[in-house]
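Let me begin by presenting the structure, written as structure tokens, before commenting on it.
No lab work stands behind these numbers, since they all come straight from the coordinates. The model shown is predicted, which means the values in this text are computed figures rather than measured ones. Please note: Cβ atoms are built from the backbone with ideal geometry, for glycine as well, and neighbour counts cover all protein chains shown.
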Amino acid sequence: MILSVHRLKKTYDMGGDNVVRALDGVDLEVERGEFMAIMGPSGSGKSTLLNLVGMLDRPDSGTITIDSIEATSLPAGKLPEIRGRKVGLVFQTFNLVTTMTAVENVELPLRYARMSGKTARQRSLQLLSEVGLEDKAGHLSTELSGGEAQRVAIARALALDPAIVLADEPTGQLDSRTSQSVIEMMRALNQRKGQTFIIVTHDPGVAAQADRIVRMIDGRIESDGPTGAAPQLQQEEILEAAVAPSSVGVAADVAAVAVRGHAPVAAGEAVATTYTAAATDAPRLPGWAGVVKGGDGLVVEQLDRLVDELAQTVATLAAAGKSASR
Ligand SMILES: Nc1ncnc2c1ncn2[C@@H]1O[C@H](COP(=O)(O)OP(=O)(O)OP(=O)(O)O)[C@@H](O)[C@H]1O
Ligand SMILES: [Mg+2]
């Protein structure tokens, strides 16, 4: 067991009666070498969970054990060192130091760990070649594409050979093609080196690469299972989520679950709404198309028709007084 999370709770007291239960008793066990996705609507606690596991914040109660070290009982002074050795962090915004080159960014954690300059340089170049960027070592982060910058961030996360890499929406700022290549690269590192990954994502195309998908809702784990074994959703539930166009993420997640749960008609409708809603959210769009294509044999070209059908369904629901405007 590389990670064990037990009864984890975190609340944010916003004053008055306003207490946000960001995590409301989470249990999670992860084996070495797993490639796991965490999905769930906005505000469901995904980042909070990742930040706690990544020792960037402390829980109110509960325990986190990473690679046999109980992180939750460490004194504050020990956290940075243990964090550096045990977890590699990857963020949506890459978080590279802009005044440093790619290789210098990868070297940073090695230099903090007091590795000699020469050894650190060699190791960093090796890591950059593992993510396919040996020829970009001398580029500043501003001279890299988004996908390249994220690869550098991944190389940096791997520098100290961490027990787990934690990635919070690592493809959130990338177009769908770049997302796929970044996630495939992570997958390859997982398979080649047995590196454990936990990846928070809204993108079903990314989650589809995982062996296991944990879904969170309201600070709790709602489901946890192998990819493709999602529970069958009721048509009504899918539609309800699908007709709330403001919640692109939710509709998309539901669509993904529906596709996996073999509810092709309803899934098509949910995806179609996502497609509509995603018109204002272009980077997501091709990813969904990929899911539709891979899911139930629906082809991308059918989406326009599905959008029309969905519009009719929504109109019918609205006429029946069942509009999902909540
Ligand atoms: N520093 C904070 N102070 C107060 N409330 C917070 C803080 N961080 C998170 N929250 C609240 O905790 C809940 C969980 O937030 P979290 O960031 O974990 O959600 P998420 O699942 O990562 O969402 P998203 O998909 O939008 O990134 C939300 O209700 C959020 O508003
Ligand atoms: Mg988040």
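Observations on the model:
- Considered as a group, the residues in region 196-214 that are within 11 Å of residue 36 (Cα to Cα) and not aliphatic (A, V, I, L, M) include one that is farthest from ligand 2 (Cβ to nearest atom), and that residue is 211.
- Wholly within region 1-85, strands (runs of 3 or more DSSP E) carrying at least 2 residues that are β-branched (Val, Ile, Thr) and within 23 Å of the chain's Cα centre (by Cα): 3-13, 19-30, 61-66
- Region 70-104, residues that are touching a residue at least 60 places away in the same chain (Cβ under 8 Å) and under 17 Å from residue 196 (Cβ atoms): 84, 85, 86, 87, 88, 89, 90
- Residue within region 21-33 that is touching a residue at least 60 places away in the same chain (Cβ under 8 Å), surrounded by 15 or more Cβ atoms within 10 Å (Cβ to Cβ), closer than 30 Å to residue 141 by Cα and more than 16 Å from ligand 2 (Cβ to nearest atom) present: no
- Qualifying residue in region 177-196 (condition: buried (at least 19 other Cβ atoms within 10 Å of the Cβ) and in a strand (DSSP E or B)): yes
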